[in-house]
Each structure stands twice: as C-alpha cells, then as structure tokens.
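Report on one structure; see the data block that follows.
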Amino acid sequence: MSDKLTHWKQLKNPDYIGAYALQPGEELILTIKSCGLEQVVGTDGKKQDCLVVHFMEPVKPMILNNTNAKTITKIHATPYMEQWQGKKIQIFARRIRAFGEDVDALRIRDFVPKVATIDPAKAIAAINACITLDQLKKTYTSLTKDEQGHPDVIKAKDAKKGGLA
C-alpha cells in the first residue's frame, strides 16, 4: 500500500493545484515561470477571468487570489507580474474561514524560500547509467525533490527516456 494519500478534490478540478494536492504537512518550493489573466472554468461550469501562475517545476498551475498575490508582491518587492518570473515561492495548505465554512486553502509563505544548492552531476550520472525504462523510473523517484526539480536533471531524464522508449 502506498503512503501517498489521494484527496477526493484532486478528481474534481484536475487543471489547477489546490490545497488538496499537498500531503499533510507538505510544502512545495516552486519557481514562477509566468503569470497572467486566464479564463478559468470552475467545477460548476462557470467561466471566470482569474490570475493564474505557471511554474517551471512539473506541477499544475495555481489560481492566485488577492492574499497570495499580495504575498508574492511583498516577498519579492514588486507588484509587477513580469518581474516575478524566475522567483521562488513556498506554498502550503492552511485552514481558513471562507464562504461561511472552514476550508483548506493554498497559501504562500511570507518569506523567500531558502533553496539548497545541489550539484546535479551525480543524479545525471545515475540517470545516464539506466538501461531500461523501469530502471530509469526507479532511479528518478529515488532522487530528492530538489534533484528531481533541477532543470538539468529533468533534461537528462527526458533525453534518456526518449532514447529508451
């Protein structure tokens, strides 16, 4: 049995990340790729223009509410979305009162996350040594999240996967 839990809401809105996508106590450090206004279709089928941020890491985009947009503005000292590109944020789930009930919501930590500097060479070497897709999958999942999210490691994994397919 897997230790990973699946929240039922993951199946209701598969297009955007939500608090339900995090395991209990989990936090993610993500790098902003782009941010802008997009038309979002809610679970009720209604269309709405929302501020959406996309990440460099392989995670779903996040709909930004005012609270989270203000936090990014504060920690990165700019209200301009174009200047958020390449900036790191740390997201977590918090219980809040909204719409007359207590719900879990994604929030952004009010500080710039400290990211461990990793040398991807060892991870890339392990990936390049794989001779089957199954071995590649096991090797990649054994890496730390920081290693898995490193652009050079992702590039090596994708290249190796293409060569083994």
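In the frame of its principal axes, the chain has Cα extents of 54, 39, 29 Å, reported largest first.
For the range 18-165, the carbon plus sulfur part of the accessible surface works out to 53%, probe radius 1.4 Å. Protein heavy-atom accessible surface, 1.4 Å probe, per residue over the range 81-165: 67 Å².
Of the residues LEU30, LEU136, LEU22, the one that moves most in a GNM of the chain with alpha-carbon contacts below 10 Å is LEU136. Taken one residue at a time, the phi angles of the range 101-108 give Karplus couplings (6.51, -1.76, 1.60, θ = phi - 60°) of 9, 8, 9, 8, 9, 6, 9, 10 Hz. Gly and Pro are set to x.
A 1.4 Å probe, protein heavy atoms only, puts the accessible area of PHE92 near 10 Å².
Full extension of the chain segment joining HIS54 with GLN135 gains 26.1 nm, where the gain is 0.36 nm per residue of separation less the Cα-Cα distance. Taking the C-alpha atoms only, the angle from helix 66-76 to the longest principal axis of the chain is near 60 degrees.
Per-residue 3J(HN,Hα) values for the range 33-38, derived from phi via the Karplus relation 6.51 cos²θ - 1.76 cosθ + 1.60 with θ = phi - 60°, read 9, 7, 8, x, 7, 9 Hz in sequence order (x marks Gly and Pro). Taking each residue as 0.36 nm, the span from GLN39 to PHE99 lengthens on full extension beyond its C-alpha to C-alpha distance by 19.4 nm.
Label point of ASN66 set 7 angstrom out along Cα-Cβ; within the range 97-130, amide nitrogens under 15 Å from it belong to 98-99. Roughly how tilted is helix 151-164, in degrees to the nearest 10 and between 0 and 90, from the longest Cα axis of the chain? Relative to the chain, helix 151-164 is tipped by roughly 60 degrees. Find how many whole Å separate the alpha carbon centroid of the range 23-58 from the alpha carbon centroid of the range 115-159. First find each Cα centre; the distance between them is then 26 Å.
In terms of packing, defined here as the mean over residues of other Cβ atoms within 10 angstrom, the peptides 60-70, 101-111 line up highest first as 60-70, 101-111. For LYS33, the amide hydrogen comes within under 5 Å of the amide hydrogens of HIS54, PHE55, MET56, GLY86, counting only partners 5 or more places away or on other chains and with H modelled in the peptide plane.
In degrees between 0 and 90, to the nearest 10, how far off the longest principal axis of the chain does helix 133-142 point, with axes built from Cα atoms? Helix 133-142 and the main axis of the chain meet at about 60 degrees. Mean residue ellipticity at 222 nm, helices only, the chain: -8500 deg cm²/dmol; runs of at least 4 DSSP H residues each add -39,500 (n - 2.57), and the sum is divided by the number of residues.
The values are calculated or read from the model by the stated rules, or taken from the named source; none is laboratory data. Everything quoted here is computed from the prediction, not taken from an experiment. Quick reminder, even Gly has a Cβ in these numbers, built from the backbone with ideal geometry, and neighbours come from all protein chains shown. Just so you know, the surface numbers come from the protein's heavy atoms only, side chains and all, with ligands and any DNA or RNA stripped out. Shrake-Rupley method; radii C 1.70, N 1.55, O 1.52, S 1.80 Å.
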